[in-house]
Amino acid sequence: MKFKSQKVAYYFFALSMLLFSLQIVYGFIMAFAHMGFDGLHEWIPFNAATATHKNLLVVWILSGFMGAGYFIIPDESDTELWSVPLALLQFYSFAIVGVIAVVGFHVGWFEGRKFLEIPRPLDYLVALNVILFLVILLMTMFKGKKRTTTAWVLTSGLVFAALLYLPGMIWFDNHTVDSFFRWWVVHLWVEGVWELIMGGILAYLLIKLTGVDREVIEKWLYVIVGLTFLSGILGTGHHYYFIGVPKYWLIVGGIFSSLEPLAFLGMTLFAIQMYRKGNKKHPNKLAIYWTLSTAVVSFLGAGLLGLAHTLPGVNLYTHGTLVTAMHGHLAFWGAYASLVLAIISYSMPLMTGRKIFDNTIGHMAFWFANIGMIGMTMAFAAAGVAQVYMERIMGLEFMKAQLEIEPHFFVLIIAATVFSIGVTLFIINFLKFGSPVDEAIGQGEEFSALQTS
Amino acid sequence: MSSEQHVLSREKNDILHPPGGILIWILIFLEVITFMIALSVFAYMRSRNAAMFAESQAMLNPLLGTVNTIVLLSSGYFMAEAVRKLRAGLLKLSVRYTLVTILLGLVFIAIKSFEYSQKIEHGIGLEYNTFFTFYWLLTGFHLIHVSVGIVILVFIYFSLRKGRYDARDHEDVETGAAFWHMCDLIWMLLFPMLYLIN
Amino acid sequence: MLNNKTGWLLLILFTLAGSWLSGLSHAFLALVMILFALKFFIISYQYMGLRFAHPFWRYSINIVVLGFVSVIIFSSL
Ligand code: HEM
Ligand code: HEM
Ligand SMILES: [Fe+2]
């Protein structure tokens, strides 16, 4: 850690871990409900559980991004954070809004738009909060003498993410129009501007961990990310197939979204290539594992499993089934969850001065979580395919089909248990670090000396 | 060896340095392949509804299309010449040819706009039928590329005039030229598929 | 030898020939596509300097273009 103020990141990472655990609890509640064990129904009906599960996901990932921003930007700009008290204010208000939203879901205070369930008044608070966050980052960047490409990409990704939240806040009376703009948020986030954020964090990690020249990594990674981003814009069409918009979206969405996996593949190959080219001397093995797994698993989950149902002819059958859940889990896990875990694994030793970066618990956490998630994906896939077959091909009623696929959720719960063991181990490691200390300032610079450039 | 060959041959056999730079060539391949995918879907749809496609195609104006093709190809010629003159150190001519390229590009846009306005007058929009959905999307995306190409060339034109490039150092010009030629390449696919063959 | 000027002449010639042939009969589909493939090659090899590039780039463009043209021709048979 170079600067004292980078410690702010720790609060966001801790919040991230807390919400992540909660998210998993709600995942289990739903999985049991799917199996027929819906004992909590009176207090947490399925709609509340699913809204909570997904919004906690988004919030803990965003919290991780914010932590990453507070850690990376001072380092890249070579200066202390513009204002630590404001950053802390931003943290607490963020946490409070999050808690209100989650509690609200349980008392029926939410909008029924998947992923954007947070009610309108809270939206304004979220917007204010994010503006504060961005102001702090931008002020820090302008205060510093250095402005790296990575800092720019990361910040602009965050700025665009904030801007794209706005279309979701406009009120439309027409359901189709509302859907149309809902995807500007949901899709253009994960397949658009979040990829800039991902590019920024990945570039930072690869530069630090492999020791390959900054110029090489920045140039190529950003070209690749740019391609994903470009194809992703018109790729939005893959959500427009059946919502009531003109039918040319079938063509536009089909073609451009089919191109997105190419760029994901490029990113995977590139990250592996950089690791090979690097000096492999960095002691933080866990951060390297998570960084590389981000590149690989995002290709599997987003690229391959996305491609699997992105053509209109296929999507006609799979739309809104558990096939979507299969893709949603591995894509979010590979691309964004793993990314947050990677930056946490990288930064915690630097903030606390504790060299927990190659221990058994950490490695077990990595393998349990990833294998568990792949198992969950397969369970969802089996359930999804069975659902599509019975419901959309044989024409069984929705609930009848759901009854038939109950056994798959037993498999899901087993895999999810493996996954949760992994996450628990990760959190144990996280707790072992303790909180950041001032003595850690200036430490970790010996790793920079390992860089080849 | 002529000066042109001399300058170019240093790049020969280097996989990482195709003329104009590797990034533009990656882009060119992606673009060309994207349009090819779209055209293959188009061909498939046509095979399922040949009569409607033939009828719709007959509503296009092949003369305008042919004239526009010639305009675009000629602008490509002038761009290639602009680069060649620059390599030979003839800056003045290079500037002039770049300007001609830009002007021809504008002529292309003008003719295309006229064609579009005729279609709109007849009420043939994006959702008229499948053929015209493709027609509008494909030529529309192409037109966007041409417009972007013109913006790039305008930048290059002014930089050339300021003397920023010379016979040795002009990779940006080559890159911009490659982008411009890419518009030609894409049109070489679109034109016969949409206007001519059936 | 092919240069920019002769290249341009051929391009115009092929364009006119393509428009003329396709006006005559739709049986000339394959010929028209081949003419346009040739134009594609003139632009890329002559104007874009691909003929001085590494074989990787030349083969790639050949494969892509010939692949596309044959798909179109054979699917129309
Ligand atoms: C133990 C862990 C987990 C379990 C048991 C679980 C279970 C579930 C279940 C049952 C659903 C509802 C599916 C439906 O009926 O539509 C769901 C939805 C979802 N979960 Fe999880 N989940 C877990 C962890 C995660 C994690 C770690 C992520 C992200 C990285 C995640 C992301 C999602 C998303 C994005 C959806 C919405 C899917 C859709 O759009 O259809 N879940 N989860
Ligand atoms: C990191 C990247 C990605 C993430 C986090 C992600 C996540 C998700 C989620 C959560 C959904 C469910 C949305 C909803 O129903 O509200 C979804 C849907 C979908 N995704 Fe992705 N995705 C990613 C990339 C991709 C890519 C690259 C493709 C295509 C190649 C793709 C294709 C699709 C399709 C077609 C749907 C619609 C499924 C349906 O009709 O129900 N996704 N994605
Ligand atoms: Fe999407």
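The values are calculated or read from the model by the stated rules, or taken from the named source; none is laboratory data. As the structure is a computational prediction, the values presented were derived from the model and not from experiment. Neighbour counts are summed over all protein chains in view; Cβ atoms, including those assigned to glycine, are modelled from backbone coordinates with ideal geometry. SASA here: full protein model, heavy atoms, side chains in, ligands and nucleic acids out. Shrake-Rupley method; radii C 1.70, N 1.55, O 1.52, S 1.80 Å.
At-a-glance table
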quantity: Dipole magnitude (debye, nearest 20) for chain B, charges at Cβ of Lys, Arg, Asp, Glu; calculated: 400
quantity: Note, ³J(HN,Hα) from phi for the range C:46-63, Karplus 6.51, -1.76, 1.60, rounded to Hz, x at Gly and Pro; calculated: 8, 6, 9, x, 5, 5, 9, 8, 4, x, 3, 6, 5, 4, 4, 5, 4, 4
quantity: Within chain B, helix-based [θ] at 222 nm, where runs of 4 or more DSSP H residues each add -39,500 (n - 2.57), nearest 500; calculated: -27000 deg cm²/dmol
quantity: Charge sum, other residues only, whose C-beta stays under 12 Å from B:Arg161's C-beta, Lys/Arg counted +1 and Asp/Glu -1; calculated: +4
quantity: Debye intensity ratio I(q)/I(0), log10, the protein assembly as shown, q values 0.11 Å⁻¹ (C-alpha model); calculated: -1.23
quantity: Environment charge at A:Phe32 (Cβ cut-off 13 Å; Lys +1, Arg +1, Asp -1, Glu -1); calculated: -2
quantity: Exercise: per-residue mean of other protein chain Cβ atoms within 10 Å, C:7-19; calculated: 5
quantity: Spatial separation of Cα centroids for the range A:288-311 and the range A:323-373, in angstrom; calculated: 14
quantity: Between helix A:84-106 and chain A: long-axis angle, C-alpha atoms, 0 to 90°, nearest 10; calculated: 20
quantity: Debye, to nearest 20: dipole size of the protein assembly as shown, +1 on Lys, Arg Cβ, -1 on Asp, Glu Cβ; calculated: 1720
quantity: Of B:Lys85/C:Lys5; A:Lys208/A:Lys280; A:Lys145/A:Lys281; A:Lys2/A:Lys145; A:Lys2/A:Lys146; A:Lys145/A:Lys280, pairs whose Cα-Cα distance is over 20 Å; calculated: A:Lys145/A:Lys281; A:Lys145/A:Lys280
quantity: Low-density loop positions, trypsin sites (Lys or Arg not before Pro), the range A:82-180 - DSSP coil, at most 10 other Cβ in 10 Å; calculated: A:Lys145
quantity: Residue-wise HN-Hα coupling along the range B:119-129, computed from phi with Karplus coefficients 6.51, -1.76, 1.60 (Hz; x: Gly, Pro); calculated: 4, 5, 4, 7, x, 9, x, 4, 9, 4, 7
quantity: The range C:1-75 - Rg (one decimal) and Dmax (whole number), Cα, Å; calculated: 13.4, 40
quantity: Rounded percent of accessible protein surface that carbon and sulfur make up, the range B:20-196, 1.4 Å probe; calculated: 66
quantity: Summed side-chain charge close to A:Glu260 - residues other than A:Glu260 whose Cβ falls under 13 Å, Lys, Arg +1, Asp, Glu -1; calculated: -2
quantity: From phi via Karplus (6.51, -1.76, 1.60), per-residue ³J(HN,Hα) for the range B:152-163 in Hz, x at Gly/Pro; calculated: 4, 5, 5, 4, 5, 4, 5, 5, 4, 5, 6, x
